[in-house]
Amino acid sequence: MKVSLETGSLAELKAEIIVLPIFFQEDAVKVLTKEPGLDKKLGKAMLAAMKTMVAEEFSGKFGQQLWLPCYETGNLKKLCLFGMGKESDLSANCYRKVGAHLARKLGTLPAKTAAKKNLLSMHLILRGAKVGNEFALEAVVEGLILGSFSFSRYKTQKDESKHPEPFYKRVALSVSGDLSKHKLDQAVKKAVSMGTSTNLARELVAEPPSEMTPSRLAQEAKKIAAKADLEVKIMTPGQIEKLGMGALLGVARGAKEEARLITLKYTAPRSKRTIGLIGKGITFDSGGLSLKPAQSMEHMKYDMSGAAACLAAMQIIGELKPKVSVLMVVAATENMPGDNALHPGDVLKSMNGKTIEVNNTDAEGRLILADAITYAIKEGVTEVIDIATLTGAVVTALGRVAAGIMGSQSLVDAVIESGKGCGEKFWQLPLFDEYKEGLRSDIADLKNAGSRGEAGSSSAGMFIKEFTENLPWAHLDVAGVSWLEREKDEWNKGGTGFGARTLSSYVLSQS
Ligand code: BES
Ligand code: ZN
Ligand code: ZN
């Protein structure tokens, strides 16, 4: 989606749709009259007719929309009053939801009335002193893009109730007020990058597992590298073996599809730091010989959501060029029960030399992350953030509302803070030393799974900690939030791309 931006007075602009936010229990009629230029644009008769409707039908509670037709007003076809909830609760996150709700609504309007030839032209009135105009605009644009996501590659019949794909190729936005054009342009650029890349992550997850294999994931990384000017390296099984990644190769043993180690590098000039972003790329998790029951296996194509978030974050990073360097490492393999599969009881030697007794082949994510983290550290990263759909326990603890986060306190705090700005919630879980006892093995340095039903997410975190060599580290368990059964605000049904925006925001916030 291309977004172009104009600023100017309402009277001069040629938008087809005007969006006017109204706070809860605010006098909407008064706002309509007071907004500079709006009365002129609409005409006296229209305004009078609208006033009645507004007074009768509009409370301003969050999410309420009142679409008023406009007649004989030149280009202008519709005025949309958008309920913002209480002004005291306003944040940029509200504006992101506005964008998403608008996109969904526009998607259901017949193409003719909403836009011509895929061009949507819309004028936004930004209101509310609590949120700077550039942040509000950024959030709306991001929301528009996130809310317009759809995936219908495998549908042979189009859904008539939806706007034909691709959703508006171009959005001509205008905003009024006293605003710096440069700041607003930057805001739009950031929003387009964040929104588009999150949608890319969603697409990668939506692809069937027989398509989105480790080698296909590697191809996608190459495409991103070319587009966003990043360095890409792909390792095949022979090279992975030479590196000594016994844990990754162990997991890959039961699969016909070959494993890949995928790295993307962004180099910032004069950066002393290199942030490591490590993603779990299990393109299908059957559980291996510790086979999952059918119900738990149904959506296990989304077990590469951490990898998808990392790839998307790197695309954003390549486009927006932060001040610190970043190395992304994704370990990609299937977890299958093929005839050469790992047995429960097998012992693997990881890249950093530690031996692991595999007591449960379904706890495969931590095994491949261990080697990916070791590789990143050998390549010189100065801090580690891993993101993975790692445990069912985090879904039990936090549902599909917040991701679990654990690790070094200051890094954890910084990631949580970045998440807040993106509308992505994290909740910290503990890493008490006692959890390590559950990972003690009789024959190896540690085993991969603790006792079922006992602090599963912290136990997994504790396992990963063993491979972080005391670097600042944060572990993001996104098993719940990476997949939704129904859409909500800017979140879509299916793979959500959770984490792409938080990770890139964190990197962009560093100097
Ligand atoms: N990929 C799963 C975790 C998962 C569960 C993701 C539900 C999304 C939704 C992971 O590999 C797994 O199976 N973990 C096991 C670990 C256990 C065997 C120690 C789990 O959580 O049950
Ligand atoms: Zn598993
Ligand atoms: Zn898994």
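Points worth noting:
- Condition check for Lys97 on (1) open to solvent by 70 Å² or more (accessible area, probe 1.4 Å); (2) modelled with pLDDT of 90 or more; (3) closer than 29 Å to Lys181 by Cβ: one failure, at (1).
- Test result for Gly353, touching a His at 6+ places or on another chain (Cβ under 7 Å), away from ligand 1 (no atom under 16 Å from the Cβ) and within 20 Å of Gly461 (Cα to Cα): no
- Any hit, region 293-311, residues being away from ligand 2 (no atom under 16 Å from the Cβ) and either outside any helix (DSSP H, G or I) or aromatic (Phe, Trp, Tyr) (or both): no
- If you filter region 343-362 down to residues that are within 16 Å of ligand 2 (Cβ to nearest atom) and open to solvent by less than 10 Å² (accessible area, probe 1.4 Å), you find that the one that is nearest to Asp445 (Cα to Cα) is Ile356.
- Matching entry among Phe82, Phe58 (being open to solvent by 10 Å² or more (accessible area, probe 1.4 Å) and aromatic (Phe, Trp, Tyr)): Phe58
- Flag for Leu411 being open to solvent by less than 20 Å² (accessible area, probe 1.4 Å), within 16 Å of ligand 2 (Cβ to nearest atom) and of a type outside the set (S, T, N, Q): no
- Condition check for Leu471: open to solvent by 40 Å² or more (accessible area, probe 1.4 Å) and farther than 18 Å from Cys422 by Cα: yes
- Residue check, Gly288 at pLDDT 95 or above and either outside the structural domain of Gly338 (by TED's automatic domain parsing) or in a loop (DSSP other than H, G, I, E, B) (or both): yes
- Listed by position, the helices (runs of 4 or more DSSP H) enclosed by region 406-511 include none that has at least 1 residues that are under 16 Å from the mean Cα position of the chain (by Cα) and at pLDDT below 95.
- The residue of region 384-398 that is nearest to Gly480 (Cα to Cα), among those that are open to solvent by less than 10 Å² (accessible area, probe 1.4 Å) and away from ligand 3 (no atom under 16 Å from the Cβ), is Ile385.
- One residue from Ala376, Ala370, Ala363 being touching a residue at least 60 places away in the same chain (Cβ under 8 Å), in a helix (DSSP H, G or I) and either more than 15 Å from ligand 3 (Cβ to nearest atom) or over 17 Å from Asn470 (Cβ atoms) (or both): Ala376
- Any hit, region 241-254, residues being within 19 Å of Ser210 (Cβ to Cβ), within 14 Å of ligand 3 (Cβ to nearest atom) and over 28 Å from the mean Cα position of the chain (by Cα): yes
- Checking each residue in region 293-317 for being crowded, with 21+ Cβ neighbours inside 10 Å and more than 13 Å from ligand 1 (Cβ to nearest atom) picks out Ala308, Ala309, Cys310, Leu311, Ala312, Ala313, Met314, Gln315, Ile316, Ile317.
- Only one of the numbered conditions (1) under 23 Å from Leu342 (Cα atoms); (2) not in a strand (DSSP E or B) is not met by Glu220, and that is (1).
The values are calculated or read from the model by the stated rules, or taken from the named source; none is laboratory data. These figures come from a predicted structure and were not determined experimentally. FYI the Cβ positions are ideal-geometry reconstructions off the backbone, even for glycines, and counts take in every protein chain you see. Heads up: the accessible areas ignore ligands, DNA and RNA and are worked out on the full protein's heavy atoms, side chains in. Shrake-Rupley method; radii C 1.70, N 1.55, O 1.52, S 1.80 Å.
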